[in-house]
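Student: Structure below; questions to follow.
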Number of protein chains: 2
Amino acid sequence: MPQKVIVLVSGGMDSVVALYHAHKQYEVVAGLSFNYGSKHNHQEIPCAAWHCDRLRIRHRVVTLDFMENLFKSSLLRGGAKIPNGHYEEKTMQQTVVPFRNGILLAIAGGYADSIGAQGVVIAAHAGDHTIYPDCRKEFMDAMNEALKLGTYGHIQVLGQFVNLTKSWFVSRGHELGVDFTKTWSCYKGDAIHCGVCGTCVERREAFIQAKVDDPTVYASTDPIPPKP
Amino acid sequence: MPQKVIVLVSGGMDSVVALYHAHKQYEVVAGLSFNYGSKHNHQEIPCAAWHCDRLRIRHRVVTLDFMENLFKSSLLRGGAKIPNGHYEEKTMQQTVVPFRNGILLAIAGGYADSIGAQGVVIAAHAGDHTIYPDCRKEFMDAMNEALKLGTYGHIQVLGQFVNLTKSWFVSRGHELGVDFTKTWSCYKGDAIHCGVCGTCVERREAFIQAKVDDPTVYASTDPIPPKP
């Protein structure tokens with residue numbers, strides 16, 4: 001079992017809970033955020049920094065300018081408008097940044113090897129849908145193999161959350177005293193959570209399912225439409 | 001078999017030959033270089049651009065600032081001095097950038113998926129030594145699996161060169177009419193090849209083994225010391 005790990009912490013709800021969870025299990029030697037030109041990075045990353053600071057964990061931000069220039073996704077600045085409503089295969093696919101988790105894990109793995117950590121914790125989970133190919137267990141296992149074989153330190157991918165749901169993160173974060181007002185989900189990246197894009201809808205549902213009060217301020221709390 | 005591919009082309013001898021070789025096999029939709037803060041990037045990348053231009057292939061450069069700041073390696077600006085002489089395990093290990101090929105393949109794979117290519121050609125080969133863990137066949141296979149599983153387009157890693165030697169690249173490039181004066185090897189990144197660092201020594205040996213005249217201008221052509 002690894003002792004020293006780094007945690008991928010975007011500042012979203014799931015990765016912040018993963019940070020607190022990992023902090024109980026391991027020595028977390030760094031929290032790593034990526035500024036890859038998404039519409040909501042400027043809202044997410046300060047949240048990641050806040051929680052790392054609270055836990056006295058070194059926080060590093062890696063800027064990946066190339067994504068905005070080379071990759072196509074509505075998640076990125078310059079991409080199409082973020083769609084409203086429940087995630088459906090078609091609308092969600094637009095927000096996929098190709099191989100994002102693969103890229104983040106590769107960089108985090110190299111960084112881990114560079115600073116003597118043995119593993120990288122990633123909060124990716126399939127939730128109810130498996131549309132992101134790089135959130136699936138099979139991908140995590142393959143990436144784990146690639147990192148183990150490709151680094152001197154045989155870095156491990158710690159993707160223990162892959163089969164859990166978003167409501168699990170709410171419950172676990174609630175237990176660990178996570179301040180959810182300091183986490184960011186909305187893909188639109190306006191001043192407050194919109195409440196109606198796919199990722200806001202999932203956030204709202206996760207609190208309902210976990211039976212935890214949702215402290216988030218939403219621009220709209222229109223009833224959540226049933227799943228298509 | 002993939003039709004459209006992108007080629008990782010650093011501007012070194014091996015990847016330039018891989019570019020010409022791939023150009024015979026596939027439709028090469030882009031050549032991709034990385035500016036990751038190495039001491040010799042400023043010498044290599046113009047070579048990559050020159051050959052892409054000659055073959056009428058789109059050339060893109062991805063800048064990875066974070067490596068210089070976060071990763072430790074004598075290959076990087078700000079790192080220790082590049083050692084002279086034949087590669088030995090100890091001196092060579094200093095020049096390793098942790099998981100470099102994993103990071104480059106992950107980014108290239110995402111880019112390939114984004115522009116509708118089906119594979120990524122990488123010139124990595126173990127040569128006579130296997131000190132770089134991310135140049136081994138087992139790593140290439142694992143990374144291939146991760147990319148296939150983690151992308152919509154099931155991107156393949158085309159690491160067909162992994163068991164070949166540097167002298168093979170000289171022979172093949174000679175056949176294909178590659179202008180080797182427009183390729184760069186020296187890790188020191190001075191105005192001309194030093195001739196005495198590990199990578200210059202390997203370049204010189206590869207021409208000798210391939211029985212091809214070496215057109216490179218070296219600062220020193222001292223006799224190559226026998227391997228330790």
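The values are calculated or read from the model by the stated rules, or taken from the named source; none is laboratory data. Values in this document were obtained by computation on a predicted structure and should not be read as measured data. Neighbour counts are summed over all protein chains in view; Cβ atoms, including those assigned to glycine, are modelled from backbone coordinates with ideal geometry.
Student: Restricting region A:133-176 to residues that are in contact (Cβ under 8 Å) with a residue 40 or more places away in the chain and assigned to a loop (DSSP other than H, G, I, E, B), which is nearest to the other protein chains (Cβ to nearest Cβ)?
Tutor: A:151
Student: I need the full set of residues from region A:199-228 which are at pLDDT below 85 and touching a helix residue (DSSP H, G or I) at 6+ places or on another chain (Cβ under 7 Å), in order please.
Tutor: A:224
Student: Another question about this same structure. Tell me the residue from B:176, B:158 that is over 16 Å from the mean Cα position of the chain (by Cα) and modelled with pLDDT of 95 or more, please. Reasoning before the result, please.
Tutor: Numbers: B:158 fails: over 16 Å from the mean Cα position of the chain (by Cα).
Criteria check complete, one pass: B:176.
So that you can scan it fast, the table gives a plain yes or no per residue for (1) away from chain B (no Cβ under 11 Å); (2) touching a helix residue (DSSP H, G or I) at 6+ places or on another chain (Cβ under 9 Å); (3) free of Cβ contacts under 8 Å to residues at least 12 places away in the same chain; (4) part of a strand (DSSP E or B):
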| position | (1), (2), (3), (4) |
| --- | --- |
| A:7 | yes, yes, no, yes |
| A:20 | yes, yes, no, no |
| A:24 | yes, no, no, no |
| A:45 | yes, no, no, no |
| A:51 | yes, yes, no, no |
| A:57 | yes, yes, no, no |
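Student: Counting only residues that are hydrophobic (A, V, I, L, M, F, W, C), crowded, with 23+ Cβ neighbours inside 10 Å and closer than 23 Å to residue A:204 by Cα, how many does region A:9-46 have? Spell out how you get there, then give the answer.
Tutor: Taking region A:9-46 and keeping what is hydrophobic (A, V, I, L, M, F, W, C), we get A:9, A:13, A:16-19, A:22, A:28-30, A:32, A:34, A:45.
Okay, now just the ones that are also crowded, with 23+ Cβ neighbours inside 10 Å, so A:9, A:13, A:16-19, A:22, A:28, A:32, A:34.
Next, from what is left, pick out any that are closer than 23 Å to residue A:204 by Cα: A:9, A:13, A:16-19.
Total meeting the criteria: 6.
Student: Please find, among A:166, A:148, A:182, A:227, the residue that is of a type in the set (D, E, K, R) and crowded, with 20+ Cβ neighbours inside 10 Å.
Tutor: One residue alone meets the criteria, A:166.
Student: Would you pick out the residues in region B:151-170 that are hydroxyl-bearing (Ser, Thr, Tyr) and closer than 15 Å to residue B:202 by Cβ?
Tutor: Once the filter is applied, which keeps residues that are hydroxyl-bearing (Ser, Thr, Tyr) and closer than 15 Å to residue B:202 by Cβ, region B:151-170 yields B:165, B:167.
Student: Condition check: within 25 Å of residue A:42 (Cβ to Cβ), in contact with a helix residue (DSSP H, G or I) (Cβ under 7 Å, 6 or more places away or on another chain) and part of a loop (DSSP other than H, G, I, E, B). Does residue A:124 satisfy that?
Tutor: Criteria met by residue A:124.
Student: Select from region A:177-199 the residues that are under 19 Å from residue A:18 (Cα atoms) and not in a loop (DSSP other than H, G, I, E, B) and list them in ascending order.
Tutor: Hits for region A:177-199 are A:180, A:181, A:182, A:199.
Student: So which residues in region A:205-228 are among the β-branched types (Val, Ile, Thr) and part of a loop (DSSP other than H, G, I, E, B), if there are any at all?
Tutor: A:212, A:216, A:217, A:221, A:224 - these are the residues of region A:205-228 that are among the β-branched types (Val, Ile, Thr) and part of a loop (DSSP other than H, G, I, E, B).
Student: Mind listing whichever residues of region B:26-36 are under 15 Å from the mean Cα position of the chain (by Cα) and either assigned to a helix (DSSP H, G or I) or small (Gly, Ala, Ser) (or both)?
Tutor: First, pick out the residues of region B:26-36 that are under 15 Å from the mean Cα position of the chain (by Cα): B:31-36.
Scanning region B:26-36 gives B:31, B:33.
Student: Looking only at region A:185-205, decide whether some residue is over 18 Å from residue A:83 (Cα atoms) and crowded, with 23+ Cβ neighbours inside 10 Å.
Tutor: So far as region A:185-205 goes, no, none of its residues is over 18 Å from residue A:83 (Cα atoms) and crowded, with 23+ Cβ neighbours inside 10 Å.
Yes/no per residue for (1) within 9 Å of chain A (Cβ to nearest Cβ); (2) at pLDDT below 70; (3) assigned to a loop (DSSP other than H, G, I, E, B); (4) farther than 20 Å from residue B:195 by Cα:
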position	(1), (2), (3), (4)
B:78	no, yes, yes, yes
B:81	no, no, yes, no
B:91	no, yes, no, no
B:101	yes, no, no, yes
B:104	yes, no, no, yes
B:107	yes, no, no, yes
B:113	yes, no, no, yes
B:120	no, no, no, yes
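Student: Moving to a separate point now. Regarding region B:109-124, can at least one residue be identified that is touching a residue at least 40 places away in the same chain (Cβ under 8 Å), surrounded by fewer than 21 Cβ atoms within 10 Å (Cβ to Cβ) and on the phi > 0 side of the Ramachandran plot?
Tutor: yes
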